[in-house]
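The values are calculated or read from the model by the stated rules, or taken from the named source; none is laboratory data. Values in this document were obtained by computation on a predicted structure and should not be read as measured data. Here the Cβ positions follow ideal geometry from the backbone for every residue, glycine too, while neighbour counts run over all protein chains shown.
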Amino acid sequence: MALTDLLGSALRGAALGLAMYVSSCGGSSPSMGCQRDTDCYAPRVCVQGYCEDRNGGGEGESEGNSPGPNGTSGGNTDNLLSNLTGKIVFISDRDTSNQNNYELYSINANGADLRRLTTNSSMDFAPKWSPDGRKIVFVSDRDVKNHREIYTMDADGTNARRLTETVYGTNNGPSWSPDGRKIAFESIGDDLKRLVYFDIYIMDPDGNNVQNITNTPNADEYGPVWSPDGQQLAFESNQNTGFMDIYIMDADGRNQRRLTYDGDNRRESRFPAWFPGSEIVFSSTRDTTDHNLYIMNAEGNNVHRVTSSGNPNYSCWSPDRTKIAYSLGGDGQINIMTADGEEVVELTEGAQPSWTP
Ligand SMILES: [Ca+2]
Ligand SMILES: [Ca+2]
């Protein structure tokens, strides 16, 4: 099974009134027949058997889980980890034989104190810390099978609370604003006329005041993440090129502008993570067949690559900006590397890491 993307959904080619189901599909290209959640790791939305790979991370078995040339498992592993602080929340299916059942876990960034936070037979994924590290926002279909709604819970896994209750259950990619007052996420909402395309929404942390802030009826937007000052959001969209690129916009949806573009090469850039100091790390196929991680500034300049293999997808910054945690494609592994990509260590099995702010 490939641990590819979990954050985000692709929904295309839908006609109104068609049976819709949410699946968990992997693969490196748009594919038909993603009905089975057991096909792969990545939850996504499928309509009449059509769903599109969200990651491009693919089922690349050849490179999926092998330590990259960036020095994973090197002799400095213990040293690098031992100095790290904070907690990382992530997803894994390590404790279940049911491939449709992912659970949330937390682990100290130094590798200690692994804790399982959820125990149920449903998908739990896309976790992100609240800015104070006391709560986790995440996605689950625990109330209605294949119906993905946004929840919060305490950092120890208690007090789970459902925030959204939508007709189609296509919510994904929640992210908490730095001031704690808003949660951004992706959804098709409840409007049938917008069924086939995703927008970025924001809401209060209690689920009230839901607003569609992108309103692009002919393009998808996914994976919103907040700028450090909370004034902007970075996200993915295919609104101009048909391929996913990294965009930023004001927190009210105005001034949408594209930061990445690879000309006519049809390469994609996804999974942005924004760090104080205005650097954004993202995953892209701009130079390679597989994804790699790149860092750029918030103007889209000074792009440089920091990985060279492993098909990395989701990433997050350490609280002090010196490290990046990221998950690999393939069978699912979370690595931590120095921000310059020079040192890499394996942290644990899993995907979709989020580091306490
Ligand atoms: Ca679960
Ligand atoms: Ca849209």
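Looking at (1) within 20 Å of the chain's Cα centre (by Cα); (2) over 20 Å from residue 226 (Cα atoms); (3) small (Gly, Ala, Ser), find the lone condition where residue 160 falls short.
Failed condition: (1).
Where the second residue is surrounded by 17 or more Cβ atoms within 10 Å (Cβ to Cβ) and not charged (D, E, K, R) and the first is at positive phi and lies in the stretch 199-213, which pairs have Cβ atoms under 7 Å and are six or more apart or on separate chains?
Hits for this filter: 207/163; 207/164; 209/203.
Among the listed residues 178, 174, identify the single one that is closer than 19 Å to residue 274 by Cβ, crowded, with 22+ Cβ neighbours inside 10 Å and of a type outside the set (Val, Ile, Thr). Working first, answer last.
Working: 178 fails: crowded, with 22+ Cβ neighbours inside 10 Å.
Every option except 174 fails the conditions.
For the stretch 124-156, how many residues are within 21 Å of residue 97 (Cβ to Cβ) and either within 16 Å of ligand 2 (Cβ to nearest atom) or modelled with pLDDT of 95 or more (or both)? Steps first, answer last, please.
From the stretch 124-156, those within 21 Å of residue 97 (Cβ to Cβ) are 124-125, 140-142, 145-146; that's our starting set.
Keeping just the survivors that are either within 16 Å of ligand 2 (Cβ to nearest atom) or modelled with pLDDT of 95 or more (or both) gives 124-125, 140-142.
The qualifying residues number 5.
So residue 169 fits all but one of (1) under 11 Å from residue 137 (Cβ atoms); (2) touching a His at 6+ places or on another chain (Cβ under 8 Å); what number is the exception?
With respect to (1) under 11 Å from residue 137 (Cβ atoms); (2) touching a His at 6+ places or on another chain (Cβ under 8 Å), residue 169 is out only on (1).
Give the residue, chosen from 270, 286, that is in contact (Cβ under 8 Å) with a residue 24 or more places away in the chain, more than 30 Å from residue 94 (Cα to Cα), out of contact with any helix residue (DSSP H, G or I) (no Cβ under 7 Å at 6 or more places or on another chain) and not small (Gly, Ala, Ser).
Details: 270 fails: more than 30 Å from residue 94 (Cα to Cα).
286 is the lone residue from the list that is in contact (Cβ under 8 Å) with a residue 24 or more places away in the chain, more than 30 Å from residue 94 (Cα to Cα), out of contact with any helix residue (DSSP H, G or I) (no Cβ under 7 Å at 6 or more places or on another chain) and not small (Gly, Ala, Ser).
Quick check: anything in the stretch 278-290 over 22 Å from residue 262 (Cβ atoms), in a strand (DSSP E or B) and touching a strand residue (DSSP E or B) at 6+ places or on another chain (Cβ under 6 Å)? Please lay out each step first, then the result.
Filtering the stretch 278-290 for residues over 22 Å from residue 262 (Cβ atoms) gives none.
For the stretch 278-290, residues over 22 Å from residue 262 (Cβ atoms), in a strand (DSSP E or B) and touching a strand residue (DSSP E or B) at 6+ places or on another chain (Cβ under 6 Å): absent.
Could you say which residue among 318, 283 is among the hydroxyl-bearing types (Ser, Thr, Tyr) and surrounded by fewer than 24 Cβ atoms within 10 Å (Cβ to Cβ)? Lay out the reasoning, then the answer.
On the way: 283 fails: surrounded by fewer than 24 Cβ atoms within 10 Å (Cβ to Cβ).
Criteria check complete, one pass: 318.
Among the residues in the stretch 173-188, are any in contact with an Asp or Glu (Cβ under 7 Å, 6 or more places away or on another chain), within 16 Å of ligand 1 (Cβ to nearest atom) and closer than 17 Å to residue 357 by Cα?
Scanning the stretch 173-188 turns up no residue that is in contact with an Asp or Glu (Cβ under 7 Å, 6 or more places away or on another chain), within 16 Å of ligand 1 (Cβ to nearest atom) and closer than 17 Å to residue 357 by Cα.
When residue 150 is evaluated against the numbered criteria (1) crowded, with 18+ Cβ neighbours inside 10 Å; (2) touching a Phe, Trp or Tyr at 6+ places or on another chain (Cβ under 9 Å); (3) part of a loop (DSSP other than H, G, I, E, B), which criterion, by number, is the only one it fails?
The single condition residue 150 does not satisfy is (3).
Which of the residues that make up the stretch 216-237 are acidic (Asp, Glu) and more than 10 Å from ligand 2 (Cβ to nearest atom)?
To start, the set of residues in the stretch 216-237 that are acidic (Asp, Glu) comprises 220-221, 229, 236.
Correct list: 229, 236.
Are any residues in the stretch 201-241 within 13 Å of residue 269 (Cα to Cα) and either touching a strand residue (DSSP E or B) at 6+ places or on another chain (Cβ under 7 Å) or aliphatic (A, V, I, L, M) (or both), and if so, which ones?
221, 222, 223, 234, 235, 236, 237
Residue check: is residue 144 within 16 Å of ligand 1 (Cβ to nearest atom) and assigned to a strand (DSSP E or B)?
On the way: within 16 Å of ligand 1 (Cβ to nearest atom): yes; assigned to a strand (DSSP E or B): no.
When the stated conditions are applied, residue 144 does not pass them.
Restricting attention to the stretch 90-111, which residues are aliphatic (A, V, I, L, M) and in a loop (DSSP other than H, G, I, E, B)?
Going through the stretch 90-111, the residues aliphatic (A, V, I, L, M) turn out to be 91, 104, 107, 109.
Selection gives 109 alone.
Being within 16 Å of ligand 2 (Cβ to nearest atom), under 30 Å from residue 262 (Cα atoms) and touching a helix residue (DSSP H, G or I) at 6+ places or on another chain (Cβ under 8 Å) narrows it down to one of 213, 202, 188, so name that one. Give the derivation first.
Numbers: 213 fails: touching a helix residue (DSSP H, G or I) at 6+ places or on another chain (Cβ under 8 Å); 202 fails: touching a helix residue (DSSP H, G or I) at 6+ places or on another chain (Cβ under 8 Å).
It is 188.
Does the stretch 256-266 contain at least one residue that is surrounded by fewer than 19 Cβ atoms within 10 Å (Cβ to Cβ) and modelled with pLDDT of 90 or more? Before the answer, list the steps.
First, pick out the residues of the stretch 256-266 that are surrounded by fewer than 19 Cβ atoms within 10 Å (Cβ to Cβ): 257-258, 261-266.
Narrowing further to those that are modelled with pLDDT of 90 or more: 257-258.
Checked against the condition, which is being surrounded by fewer than 19 Cβ atoms within 10 Å (Cβ to Cβ) and modelled with pLDDT of 90 or more, the stretch 256-266 yields at least one hit.
Kindly indicate whether residue 240 is within 25 Å of residue 291 (Cα to Cα), within 15 Å of ligand 2 (Cβ to nearest atom) and out of contact with any helix residue (DSSP H, G or I) (no Cβ under 6 Å at 6 or more places or on another chain).
On the way: within 25 Å of residue 291 (Cα to Cα): yes; within 15 Å of ligand 2 (Cβ to nearest atom): yes; out of contact with any helix residue (DSSP H, G or I) (no Cβ under 6 Å at 6 or more places or on another chain): yes.
Yes, satisfied.
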